[in-house]
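Visitor: The following block contains the structure, expressed as structure tokens.
The values are calculated or read from the model by the stated rules, or taken from the named source; none is laboratory data. Keep in mind that this is a model prediction, so the values were computed, not measured. Heads up, the Cβs are rebuilt from the backbone with ideal geometry, glycines too, and the neighbour counts pull from every protein chain shown. For the accessible areas, the whole protein counts, side chains as well, though only heavy atoms, and no ligand, DNA or RNA atoms are used. Shrake-Rupley method; radii C 1.70, N 1.55, O 1.52, S 1.80 Å.
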Amino acid sequence: MSETPYRYTAELAERIELAWQDRWAAEGTFHAPNPAGPWADPEGVAGREKLFVLDMFPYPSGAGLHVGHPLGFIATDVYARFQRMTGKNVLHTLGYDAFGLPAEQYAVQTGQHPRKTTEENMVTMRRQLRRLGLGHDDRRAIATIDEEFYRWTQWIFVQIFNSWYDESAECGRGKARPISELVAALESGERATSSGVPWIWLNADAQRKEIDDHRLAYTSEAPVNWCPGLGTVLANEEVTADGRSERGNFPVFKRSLSQWMMRITKYSDRLVDDLDRLDWPEPVKLMQRNWIGRSSGAKVSFHAPAADGSTTSESPASIALDVFTTRPDTLFGATFMVLAPEHPLVDVIVPVGDWPEGTRDAWVPGGRLEMTPTEAVEAYRRSASRKSDVERQSEGKDKSGVFTGAFATNPVDGRSIPVFVADYVLMGYGTGAIMAVPGQDVRDFEFATKFDLPIIRTVQPPAGHPDDEAFTGDGPAINSANDEISLNGLGVTEAKAKTIAWLQDKGFGEETVTYKLRDWLFSRQRYWGEPFPIVYDEAGHAITLPESMLPVVLPEVANYSPATFDPEDAMSTPAPPLALATEWVNVELDLGDGMKPYRRETNTMPNWAGSCWYELRYLDPANNDTLVDPEVEKYWMGKHAETVVGAPVGAVDPGGADLYVGGVEHAVLHLLYSRFWHKVLFDLGHVSSEEPFRKLFNQGYIQAFAFRDSRGQSVPAAEVIEVKGPDGEIAYAWHGDPVTREYGKMGKSLKNVITPDEMFKGYGADTFRVYEMSMGPLDLSRPWETRAVVGAQRFLQRLWRNVVDEETGELTVTDDAPDLATTRLLHRTIDTLRTDYDGLRFNTAIARLIEFNNALTKLPHVPRETAEALVVMTAPVAPHIAEELWAKLGHTESLTFENFPEADPAMLVDDTVTCVVQVQGKLRDRLEVAVDISEEELRALALASDKVIAALAGKVVRKVIVRAPTLVNIVAS
RNA sequence: GCGGCCGUAGCCCAAUUGGCAGGAGGCACAGGUUUUAGGUACCUGACAGUGUGAGUUCGAGUCUCACCGGCCGCACCA
């Protein structure tokens, strides 16, 4: 110990790391200059390319970090540090998505204000992250709970409220425009009202409704996902497929409630189409496409006679039942129709009285002698409404339904087809009604089989296709002709087009596009979120507050909890915590026509609101006049001259952050909402970029092993030892008892958490960083293995020893020039490191560093030139030790902005190269040849090789493949 | 059920994109040097032929097909 006082130990690493962290902070090393706005520093910006590196907004968890959390943060830091060394002006910071449920739930339990809890958590997290040595611009580290931040969240809400989507703008692509322009267009008559009644004839309420119906933020009395167990409503996206809350796993019920909505569906097409211009992982793009669920097809009107009892003078004798289909080509095979149980026209078509002629027994499962159509349908609808989504799902193939007693006419051939009600048709998609084509649709086939309905094939299945299965593939149309049109022989695509043209021509239908995406439910009955900048006047009309009254600050309340209910109590009604702050809710304000009483909106915004735009505020956090100075936004996020690889020809670059790193769990919700808000801000002219995140990278997760004893209880993973079983198998034991191993997340309950603090203490931050980055490719999940961390430490120790004498602390490098082999290796290392760092391949970058470092270790003396290059190249992954060595090498400035070495192309090519000679693809000989050797020369050389001749013995050379200068393959027989 | 991703030494992972698996790197393992010893550090070494089977090719870890195993997303979306 005393002999090596200058060994690079965890203690020495800590001293070095803390000192450099202090110095970076004191010097503001990572402050990135802005071109304009409050921090305008045009000189600092001049002459450099910019780069905006972004991490997904973290929530400051109370549990503290485990070693998996910082993976992405380290990666972006390595990348940002590398890019600074290539001369770029890099913006990298980290703020906090600090509103959220955990702090609120803690507040409910303890009475401690969620702000206090959150701020304490942020202090802990900042300390842990600072200790990692992340090069963040701390001036920009905003939090969503800052009043100065959520003032602008509210401001954006006001902009969205005060705009509408003009679908005719931009050549039919559409764009958001200020609502005032809609009002002007309606007043001038340039635009007709939705009802067709002239604007001036409408009374004030009708005019208001006409406008509100177009706002991008609107209130709606609509079925929402009410979760009594959480005491709040949820967005569709927050409800799982089996009808429970994603958080807490409570039952969710459909309730009709008045809630704020965002008209994200207006952006469906752009949200799908613009994915093509983004450099995002394909799986994420696919998930977004699936979520938006655009499918094109046709709307077709079938007609059914109105039932006598419900026909009034106003309703026509026949009712149009509109269906949506993606397979209009199969219209001739439509043998029945199905309406969703909730379909509003069910009542209108069910005949009064008895079952019509032609009703089959199987069509009325309850027995048609027992019930009238009205009774049977009513019974079915009741039972369907009582079924939970889980039950509906678990039925799977076992379709249920009932005949309505009505027949509709297939427009293509006038055939009369029965109309059913069945819950395999969903009211929420398409028109809530389908034409059933059992021949070409699996679900319809199942239904037809069970309900004794005819099946007509209209696409010829290939030979061998089972008779008792629908055929959904492509093939020639059959059985598809009437007097005016024949599809027979056409493929699916042509048949679709021809049918649509015919339907349109006859007025029976039209080409249509539908989406799965629904408008976004934006109200939450919670305390710890952004209040809406909305008050209601005495008539109950929503009014946005003027900018001068923002932010609307959260009031203090006695109870942070929304009223929660029995999780099964579907009939309970939301009661948000803010409603109890009566002196805050009821205010007198002058909103232009004198002091009047108003009532505040008592819902809060969902957690997504702040994370929908935070990246914009990073750019210009001190700006009090605007959410971001336009010039600053254009500088950091503006459109590039070049589009991303793979973008459609002729496309315009959308701009956005240059690199966004985070987990794939945000593939849909956060990324979709942010894109939506960003596009609204773009349409309204507040930002120049069309997309928030130009390049997205999904990091993998660090997983861990967990161990359970015979009772299934988790045991502390750190205390488990590996033992060899009797048959040599590896087994695990805890305190002598056998335990089983499983692989998964790191978590408190699994007793397998390793914290960064333990790593700092045992190895230092640089070792921890190197280990995390060297474990494997960044996008792959992999297991944490503490015992493997020493590998990273040994590397840094060898690096240290290559420069510093462990006993004296003296510099050991010499001023000799490196030999040729070392120089060549250096330049090859530089070359691959540049591309590896740039491509986020830090694992291979570190392997090259280790390789080069090991090569230097073997030299009698390390030449200063190579040591300096190695130190600079190591700096992105291990910045503290690099700074320290850099200083020891005699430099006084931080190496943060030191130029990354450039490879000399001349040093990348050797004079000679090893040529591989294969016979029949098998390696037979190696030849050292000149790099510029000609094909003929090499061929001759290879054929002259003794080993080759031996391998060719008794064979005839058929062919010689020469890839000069590296490979010759001789084919013989 | 539909869609997507992935299988290389005991383990984590490389492989110029079809051209040498004396595997780039690391862990673990064995032996050695230093050490009173343990540990640290350093040196040396052993270990797989790329999940299975076929195909294309002069040549396949890389391309194609089928199967096996694992992971992820969606889930009656007409």
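Visitor: For residues in region A:846-859 being touching a residue at least 40 places away in the same chain (Cβ under 8 Å) and within 9 Å of RNA strand B (Cβ to nearest atom), which is farthest from the chain's Cα centre (by Cα)?
Guide: Once the filter is applied, the top-ranked residue is A:Thr857.
Visitor: Given (1) in a strand (DSSP E or B); (2) over 22 Å from A:Lys399 (Cα atoms); (3) touching a helix residue (DSSP H, G or I) at 6+ places or on another chain (Cβ under 9 Å), where does A:His303 come up short, assuming only one miss?
Guide: A:His303 satisfies every listed condition except (3).
Visitor: Taking only pairs six or more apart or across chains, which ones have beta-carbon atoms under 6 Å, a first residue in region A:874-886 that is surrounded by 24 or more Cβ atoms within 10 Å (Cβ to Cβ), and a second residue that is outside any helix (DSSP H, G or I)?
Guide: Listed pairs, sorted by first residue: A:Pro879/A:Gly133; A:His880/A:Gly133; A:Ala882/A:Ala875.
Visitor: Kindly indicate which of A:Thr835, A:Thr829 is under 39 Å from the mean Cα position of the chain (by Cα) and either small (Gly, Ala, Ser) or open to solvent by 20 Å² or more (accessible area, probe 1.4 Å) (or both).
Guide: Exactly one of A:Thr835, A:Thr829 is under 39 Å from the mean Cα position of the chain (by Cα) and either small (Gly, Ala, Ser) or open to solvent by 20 Å² or more (accessible area, probe 1.4 Å) (or both), namely A:Thr835.
Visitor: Looking for whichever is of a type in the set (A, V, I, L, M, F, W, C) and within 9 Å of RNA strand B (Cβ to nearest atom) here; the options are A:Phe795, A:Phe768. Which one fits?
Guide: Of A:Phe795, A:Phe768, the one residue that is of a type in the set (A, V, I, L, M, F, W, C) and within 9 Å of RNA strand B (Cβ to nearest atom) is A:Phe795.
Visitor: Any residue in region A:656-667 that is open to solvent by 10 Å² or more (accessible area, probe 1.4 Å) sitting within a Cβ distance under 7 Å of a residue that is within 16 Å of RNA strand B (Cβ to nearest atom)? List the pairs, counting only those 6 or more apart or interchain.
Guide: Within 7 Å, the pairs are A:Val664/A:Val284; A:Val664/A:Asn698.
Visitor: While we're here: Could you tell me which residue of region A:151-163 is least open to solvent (accessible area, probe 1.4 Å), considering only residues that are polar (S, T, N, Q) and closer than 20 Å to A:Ile211 by Cβ?
Guide: A:Ser163
Visitor: Filter region A:442-466 down to the residues that are in contact (Cβ under 8 Å) with a residue 24 or more places away in the chain, open to solvent by 30 Å² or more (accessible area, probe 1.4 Å) and either within 13 Å of RNA strand B (Cβ to nearest atom) or farther than 9 Å from A:Phe336 by Cβ (or both) and list them by number. Don't jump to the end; show me each part of the working.
Guide: Initial filter on region A:442-466 (in contact (Cβ under 8 Å) with a residue 24 or more places away in the chain): A:442-448, A:450-459.
Then drop every residue that is not open to solvent by 30 Å² or more (accessible area, probe 1.4 Å), which leaves A:442-443, A:446, A:450, A:452, A:454-457.
Answer for region A:442-466, where residues must be in contact (Cβ under 8 Å) with a residue 24 or more places away in the chain, open to solvent by 30 Å² or more (accessible area, probe 1.4 Å) and either within 13 Å of RNA strand B (Cβ to nearest atom) or farther than 9 Å from A:Phe336 by Cβ (or both): A:Val442, A:Arg443, A:Glu446, A:Lys450, A:Asp452, A:Ile455, A:Ile456, A:Arg457.
Visitor: Check region A:314-326 and report whether any residue there is farther than 16 Å from A:Ala408 by Cα, without any contact (Cβ under 8 Å) to a residue 24 or more places away in the chain and either open to solvent by 20 Å² or more (accessible area, probe 1.4 Å) or within 16 Å of RNA strand B (Cβ to nearest atom) (or both).
Guide: Yes, because at least one residue in region A:314-326 is farther than 16 Å from A:Ala408 by Cα, without any contact (Cβ under 8 Å) to a residue 24 or more places away in the chain and either open to solvent by 20 Å² or more (accessible area, probe 1.4 Å) or within 16 Å of RNA strand B (Cβ to nearest atom) (or both).
Visitor: Tally the residues that are open to solvent by 40 Å² or more (accessible area, probe 1.4 Å) and part of a loop (DSSP other than H, G, I, E, B), restricting the search to region A:576-610.
Guide: Qualifying residue count, region A:576-610: 4.
Visitor: Still on this structure: Which of the residues belonging to region A:954-971 are more than 9 Å from RNA strand B (Cβ to nearest atom) and more than 18 Å from A:Leu927 (Cβ to Cβ)?
Guide: Listed by number, the residues that qualify are A:Gly954, A:Lys955, A:Val956.
Visitor: When region A:834-844 is examined, which residues are found to be in contact (Cβ under 8 Å) with a residue 40 or more places away in the chain and near RNA strand B (Cβ under 9 Å from one of its atoms)?
Guide: Once the filter is applied, which keeps residues that are in contact (Cβ under 8 Å) with a residue 40 or more places away in the chain and near RNA strand B (Cβ under 9 Å from one of its atoms), region A:834-844 yields A:Arg841, A:Asn843.
Visitor: Just name the residue that is surrounded by the fewest Cβ atoms within 10 Å (Cβ to Cβ) out of those in region A:275-303 that are basic (Lys, Arg) and out of contact with any Phe, Trp or Tyr (no Cβ under 7 Å at 6 or more places or on another chain).
Guide: Among those residues, the one meeting the criterion is A:Arg289.
Visitor: Could you say whether any residue in region A:399-418 is more than 17 Å from A:Phe332 (Cα to Cα) and part of a helix (DSSP H, G or I)?
Guide: no
Visitor: Still on this model: Which count do you get for residues in region A:399-414 that are without any contact (Cβ under 8 Å) to a residue 40 or more places away in the chain, at negative phi and surrounded by fewer than 21 Cβ atoms within 10 Å (Cβ to Cβ)?
Guide: Summing the residues that are without any contact (Cβ under 8 Å) to a residue 40 or more places away in the chain, at negative phi and surrounded by fewer than 21 Cβ atoms within 10 Å (Cβ to Cβ) in region A:399-414 gives 1.
Visitor: For the subset of region A:9-50 comprising residues that are open to solvent by less than 30 Å² (accessible area, probe 1.4 Å) and touching a strand residue (DSSP E or B) at 6+ places or on another chain (Cβ under 8 Å), which member is farthest from A:Ala657 (Cα to Cα)?
Guide: The residue in question is A:Gly44.
Visitor: Residue check: is A:Asp398 within 13 Å of RNA strand B (Cβ to nearest atom) and within 17 Å of A:Asn479 (Cα to Cα)?
Guide: No; evaluated as a whole, the condition is false for this residue.
Visitor: So, one more: Taking the condition of being part of a strand (DSSP E or B) and open to solvent by 10 Å² or more (accessible area, probe 1.4 Å), how many residues in region A:668-701 meet it?
Guide: 3
Visitor: Here's another thing I want to ask about it. For A:Met262, work out the one condition from (1) at pLDDT 90 or above; (2) within 16 Å of RNA strand B (Cβ to nearest atom) it doesn't fulfil.
Guide: So the condition that A:Met262 fails would be (2).
Visitor: Still on this structure: Only one of (1) touching a Gly at 6+ places or on another chain (Cβ under 6 Å); (2) without any contact (Cβ under 8 Å) to a residue 12 or more places away in the chain fails for A:Glu167. Which number is that?
Guide: (2)
Visitor: For the condition buried (at least 16 other Cβ atoms within 10 Å of the Cβ) and of a type in the set (Asp, Glu), what is the one hit in A:Asp205, A:Asp166? Write out each step before concluding.
Guide: Details: A:Asp205 fails: buried (at least 16 other Cβ atoms within 10 Å of the Cβ).
Answer to the check: A:Asp166.
Visitor: In region A:914-938, what residues are buried (at least 17 other Cβ atoms within 10 Å of the Cβ) and not acidic (Asp, Glu)?
Guide: Within region A:914-938, A:Cys915, A:Val917, A:Gln918, A:Val919, A:Arg924, A:Leu927, A:Val929, A:Ile933, A:Leu938 meet the criteria.
Visitor: Which residues, taken from region A:556-595, are modelled with pLDDT of 90 or more and within 33 Å of the chain's Cα centre (by Cα)?
Guide: Correct list: A:Leu578 only.
Visitor: Based on this model, can you work out whether A:Val739 counts as free of Cβ contacts under 8 Å to residues at least 24 places away in the same chain and part of a strand (DSSP E or B)? Give the derivation first.
Guide: Working: free of Cβ contacts under 8 Å to residues at least 24 places away in the same chain: no; part of a strand (DSSP E or B): yes.
When the stated conditions are applied, A:Val739 does not pass them.
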